Amino acid sequence: MNPQDPRLYADPRGVWRDDGAGRIHGIRWTDIDGIDGYAIDANERRLIFVEVGTATGERLELRTDWPGYREVAMAMSVHLPGLDVGALQRLEQTRPEDPPTILWWKA
């Protein structure tokens with residue numbers, strides 16, 4: 001874990017990414033309408049991303065190796081009915097050549 005990595009967290013309002021120096025980005029639970037996941041190759045290692053989105057096109061990118069990701073994943077499964085924690089765990093086996101995976105979509 002790199003100390004410069006963003007810190008992820010969830011609270012009763014939503015899910016957030018703290019990029020440091022007061023730069024906090026987030027999406028409220030009620031605004032989330034979809035979650036996708038994908039993998040990329042970067043410097044001889046695979047990075048797994050979870051992208052949280054809204055109907056207005058706002059996106060929040062989370063990486064599974066950033067601090068707080070596991071807690072955020074559990075919070076998403078509580079606040080977003082129908083989100084399967086197992087799907088989030090299986091995402092970590094995704095390969096860069098795999099197409100993006102829709103993990104959850106608001107009904």
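The values are calculated or read from the model by the stated rules, or taken from the named source; none is laboratory data. Owing to the predicted nature of the structure, the values given are computational and were not obtained by experimental measurement. Here Cβ is always computed from backbone atoms with ideal geometry, including for glycine, and neighbour counts include all displayed protein chains.
For the condition not in a strand (DSSP E or B) and not hydroxyl-bearing (Ser, Thr, Tyr), what is the one hit in Gly53, Gly37, Gly57? Spell out how you get there, then give the answer.
On the way: Gly53 fails: not in a strand (DSSP E or B); Gly37 fails: not in a strand (DSSP E or B).
None of the other options fit; the residue is Gly57.
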| task | Identify the residue in the range 85-102 that is surrounded by 12 or more Cβ atoms within 10 Å (Cβ to Cβ) and part of a loop (DSSP other than H, G, I, E, B) and, among all such residues, is modelled with the lowest pLDDT. | result | Glu92
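Anything in the range 65-79 that is over 16 Å from Gly37 (Cα atoms) and not in a helix (DSSP H, G or I)? List them, or say none. Walk me through it before giving the result.
Initial filter on the range 65-79 (over 16 Å from Gly37 (Cα atoms)): 67-68, 71, 75, 78-79.
Pro67, Gly68, listed by residue number.
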| Among the residues of the range 78-85, is any under 12 Å from the mean Cα position of the chain (by Cα) and not β-branched (Val, Ile, Thr)? | no
| query | If you go through the range 17-50 one residue at a time, how many are free of Cβ contacts under 8 Å to residues at least 40 places away in the same chain and either touching a Leu at 6+ places or on another chain (Cβ under 9 Å) or among the acidic types (Asp, Glu) (or both)? | reply | 8
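Please determine whether any residue of the range 4-11 is more than 14 Å from Trp104 (Cα to Cα), aromatic (Phe, Trp, Tyr), at pLDDT 95 or above and assigned to a helix (DSSP H, G or I).
No; the residues of the range 4-11 include none that is more than 14 Å from Trp104 (Cα to Cα), aromatic (Phe, Trp, Tyr), at pLDDT 95 or above and assigned to a helix (DSSP H, G or I).
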